[in-house]
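Undergrad: Take this structure first; my questions come after.
The values are calculated or read from the model by the stated rules, or taken from the named source; none is laboratory data. Only a predicted model underlies this, so the values are computations on that prediction, with no experimental measurement involved. When we count neighbours, we look across all protein chains shown, and the Cβ atoms used for this are built from the backbone with ideal geometry, even at glycine.
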Amino acid sequence: MNLNAFLAQNALKIENEKHVISERFIDNEGKPIPWEIRALSEEENQALRKSATKVVSHKRYIVPETDYDLYLARMTAEAVVFPNLKDAELQKSYGVLGADELLGKMLTAGEYAKLLEVVQEVNGFNRDLVEEAKN
């Protein structure tokens, strides 16, 4: 067995994907602008999950509890390359601070669900379900 294929320099790069998330954001020609989505590393994913987890006390036990809505919002915001959700002017235009909060103001519920689905697909979640649905 040869382990060279597993060396970092030999791993295939995961390309960003572009998807139209909303028909409401259009260019000068009236065409919807695609959003650019990237895959996150597991290291980034763990940090996002940890940032959405707090320790809570349940009677005699102290257990970690993850706010999955917050985790998914942060994961989604982190995976979006374009538009730059961290842009201060963009956040200011919607009256929010923070990329995950921006998505909540910027998108309709259906658009947000579509973005979440795309982010999960790009990151390898639900891949079997997506392939099954295509067939």
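Residue-wise test of (1) in contact with an Asp or Glu (Cβ under 6 Å, 6 or more places away or on another chain); (2) surrounded by 10 or more Cβ atoms within 10 Å (Cβ to Cβ); (3) within 18 Å of ILE14 (Cα to Cα).
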| position | (1), (2), (3) |
| --- | --- |
| LYS59 | no, no, no |
| VAL81 | yes, yes, yes |
| LEU90 | no, yes, no |
| GLU101 | no, yes, no |
| THR108 | no, yes, no |
| LYS114 | no, yes, no |
| ASN126 | no, yes, yes |
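Undergrad: For the list (1) in a helix (DSSP H, G or I); (2) out of contact with any Phe, Trp or Tyr (no Cβ under 9 Å at 6 or more places or on another chain), I need the number of the one condition that LEU48 fails.
TA: Condition not satisfied by LEU48: (2).
Undergrad: Still on this structure: Residue by residue through segment 63-96, note down the ones that are of a type in the set (Ser, Thr, Tyr) and within 20 Å of GLU44 (Cα to Cα).
TA: Of everything in segment 63-96, those that are of a type in the set (Ser, Thr, Tyr) and within 20 Å of GLU44 (Cα to Cα) turn out to be THR66, TYR68, TYR71, THR76.
Undergrad: Now, a different point. Starting from residues that are assigned to a loop (DSSP other than H, G, I, E, B) and of a type in the set (S, T, N, Q), keep the ones in segment 1-26 and report whichever is modelled with the lowest pLDDT.
TA: ASN2
Undergrad: Quick one: in segment 27-42, which of the residues that are modelled with pLDDT of 95 or more and not in a loop (DSSP other than H, G, I, E, B) is nearest to the chain's Cα centre (by Cα)?
TA: Checking each candidate, the answer is ILE37.
For every residue, the table says whether it meets (1) at pLDDT 95 or above; (2) under 24 Å from GLU17 (Cβ atoms); (3) touching a strand residue (DSSP E or B) at 6+ places or on another chain (Cβ under 7 Å).
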{"position": "LYS54", "(1), (2), (3)": "no, no, yes"}
{"position": "ASP67", "(1), (2), (3)": "no, no, no"}
{"position": "TYR71", "(1), (2), (3)": "no, yes, no"}
{"position": "VAL81", "(1), (2), (3)": "yes, yes, yes"}
{"position": "ASN84", "(1), (2), (3)": "yes, yes, no"}
{"position": "ALA88", "(1), (2), (3)": "yes, no, no"}
{"position": "THR108", "(1), (2), (3)": "yes, yes, no"}
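Undergrad: Right, next: Among all residue pairs at least 6 apart or on different chains, which show Cβ distances below 8 Å where the first residue, located in segment 52-65, is under 27 Å from ASP100 (Cα atoms) and the second is of a type in the set (Ser, Thr, Tyr) and surrounded by 10 or more Cβ atoms within 10 Å (Cβ to Cβ)?
TA: These pairs meet every condition: ALA52/THR66; ALA52/TYR68; ALA52/TYR71; THR53/THR66; THR53/TYR71; PRO64/THR53; GLU65/THR53.
Undergrad: Now for a different question. Check off (1) of a type in the set (A, V, I, L, M); (2) part of a loop (DSSP other than H, G, I, E, B); (3) farther than 18 Å from GLU121 by Cα; (4) touching a residue at least 24 places away in the same chain (Cβ under 8 Å) for LEU97 and give me the number that stays unchecked.
TA: (4)
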